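Worksheet for the structure shown next.
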Amino acid sequence: MRGYGSILIALTAVLLQNADAAQACGDKFLLVGRGVKFQRAYASIYPASIVIYAQPQRHAAKAIRDPRLQADLKQAGHRVLLVENDAALTRALESDKVDLVLTDVADADRTARQGATSPSKPTVLPVMYEPTREEAKAIESRYQCRLKSSDRADRYLVTIDDAMKARAAQKKKKTS
């Protein structure tokens, strides 16, 4: 019995000495302050070519022109182009393959009409600035999305993926 006790103590001492080296794959993320942020781990299911149409005088322009939002979109796998006037938007829609256009809600209808005549027919995602409940519901029913200028980047990423999923489904219907 004494022999087993000393072997057990020696084995416990060896295991405790190498406890740090015995961490499994995901255990290092459980340590305080070492978790992965959503934007760092997020990769888009449907990478998109996005035009951000942000006229400086519009309310939502500050939010969608934010360099951090653009960096998060690029990090998720999207191509991002920022345009600030009608001429640049027209050039972008005519020359590039554009999947989505992020714009202020005040420009959404005009941008949607302009996009409908372009070769790639992009989906317009309007961004609202402090909408009332009725305004938000009306925009959501018309454009099938609800983005506010106060939303975090992860909300934009999820909405963009939903829009791209809907575009993929529409293309699949047209080809079948």
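The values are calculated or read from the model by the stated rules, or taken from the named source; none is laboratory data. None of the values given here were measured: they were computed from a predicted structure. Here the Cβ is made from the backbone with ideal geometry for all residues, glycine too, and neighbour counts use every protein chain on show. With ligands, DNA and RNA removed, areas are computed over all heavy atoms of the protein, side chains included. Shrake-Rupley method; radii C 1.70, N 1.55, O 1.52, S 1.80 Å.
Of the three principal axes defined by the Cα atoms of the stretch 78-176, the extents in descending order read 36, 35, 23 Å.
Annotation for the stretch 136-176: trypsin sites (Lys or Arg not before Pro) lying in DSSP loop with at most 13 further Cβ atoms inside 10 Å of their Cβ are R152.
Computed over protein heavy atoms with a 1.4 Å probe, the carbon and sulfur contribution to the accessible area of the stretch 74-144 reaches 50%. Protein heavy-atom accessible surface, 1.4 Å probe, per residue over the stretch 35-176: 58 Å². Here the stretch 70-111 and the stretch 157-176 have alpha carbon centers that stand 18 Å from each other. Pairs exceeding 28 Å between alpha-carbon atoms, taken from K97/K148; K137/K165; K97/K165; K148/K173; K97/K172: K148/K173.
Loop-located trypsin sites (Lys or Arg not before Pro) in the stretch 50-119 (DSSP state other than H, G, I, E, B) with a sparse environment of at most 14 neighbouring Cβ atoms within 10 Å: K97.
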